[in-house]
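Written below as structure tokens is the structure these notes are about.
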Amino acid sequence: MPSQMWKSSLCGASLTATAEGNSSSSWLSPSGDFAFGFWPLGNNDIFLLSIWYAKIPDRTLVWYANRDNEAAVAPKGSTVNLTANSGLVLKSPQGEELWKSETSAGVAGGVMNDTGNFVLQDRNSESLWETFNNHTDTILPGQTFERGGKLLSRQSETNYSKGRFQLLLQEDGNLIISTINLPTNFANEPYYATDTTSGTVAGSEGKELVFNVSGYLYVLSENGGKTNVAVGDAVSARDNYIRATLNFDGIFAQYYHPKNSTGNYLHSQRR
């Protein structure tokens, strides 16, 4: 199935993991900037349900389905269905459930937005589930997360299961990056921290990590203060594709790609 333009769809819509050349079944956002669907891993026999940039040579994944910290890889012929009771349901060709969006009943349809956010909605167009609230290793402009929110690195460049690094906005408001011991998930001392805890100034603890459309990535404190995470010149999401990714080697890097360019990603800043 070739890529389809996707603005919204009612329950019953589906995609099948079948590769054509170097692409796979997908739904596109209205502008065509993002695609949601099956991305082939390696030899086109294994796929990952994911979202990626559709218009640039490096079609980097910005979200992918995972279950119990394991990437929800799917063999050729697998399907993802949009259902009223469970939202998105991924099944193997034999009917085995590989992953689902854990959405309650009442799903009326879904939208692949130009922000890179795939949203399941009820019949009043209210959000029931969205990829922006189910983080993997990447955050996009317009995306936020509150205390307890985290990014988890993948294991390697080609293995999308949980890796050894986490970026976490702690309950005390401090944004940290640390290694974690697998499989116990014990977190070691952070090697980066914003130090946005209560300290001596009331309300200085961080309440939210914000990545705005102007390209600024910062911790927003209870008192309205902002602590930048990335240092250097910000670039606007209007003219650039921007992402911030916790890489498998533990480096948290912000990248940008001019929308009118056919070249590769440029680094904005690393942590």
Filtered residues of region 213-245 (kept if under 20 Å from HIS135 (Cβ atoms) and out of contact with any strand residue (DSSP E or B) (no Cβ under 8 Å at 6 or more places or on another chain)): VAL213, ALA237
Pair list, Cβ < 6 Å and 6+ apart or interchain, from region 69-85 residues that are of a type in the set (D, E, K, R) to residues that are buried (at least 21 other Cβ atoms within 10 Å of the Cβ): LYS76/ALA17
Region 55-73, residues that are assigned to a strand (DSSP E or B) and in contact with a Gly (Cβ under 8 Å, 6 or more places away or on another chain): VAL62, TRP63
Number of positions in region 62-83 that are surrounded by fewer than 18 Cβ atoms within 10 Å (Cβ to Cβ) and either within 30 Å of TYR255 (Cα to Cα) or out of contact with any strand residue (DSSP E or B) (no Cβ under 9 Å at 6 or more places or on another chain) (or both): 4
Residue under evaluation LEU140, criteria (1) surrounded by fewer than 18 Cβ atoms within 10 Å (Cβ to Cβ); (2) in the same structural domain as ASP239 (by TED's automatic domain parsing), criterion not met: (1)
Number of the condition not met by GLN170 [criteria: (1) modelled with pLDDT under 95; (2) over 16 Å from SER50 (Cβ atoms)]: (1)
Output for region 211-266, where each listed residue is of a type in the set (D, E, K, R) and either modelled with pLDDT under 90 or more than 30 Å from GLY199 (Cβ to Cβ) (or both): ASP233, ARG238, ASP239, ARG243, ASP249, LYS259
Boolean, GLY87 is at positive phi and either out of contact with any Cys (no Cβ under 6 Å at 6 or more places or on another chain) or assigned by TED's automatic domain parsing to the domain that holds HIS257 (or both): yes
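The values are calculated or read from the model by the stated rules, or taken from the named source; none is laboratory data. Every value quoted in this text rests on a predicted model; they were computed, and no experiment measured them. Quick reminder, even Gly has a Cβ in these numbers, built from the backbone with ideal geometry, and neighbours come from all protein chains shown.
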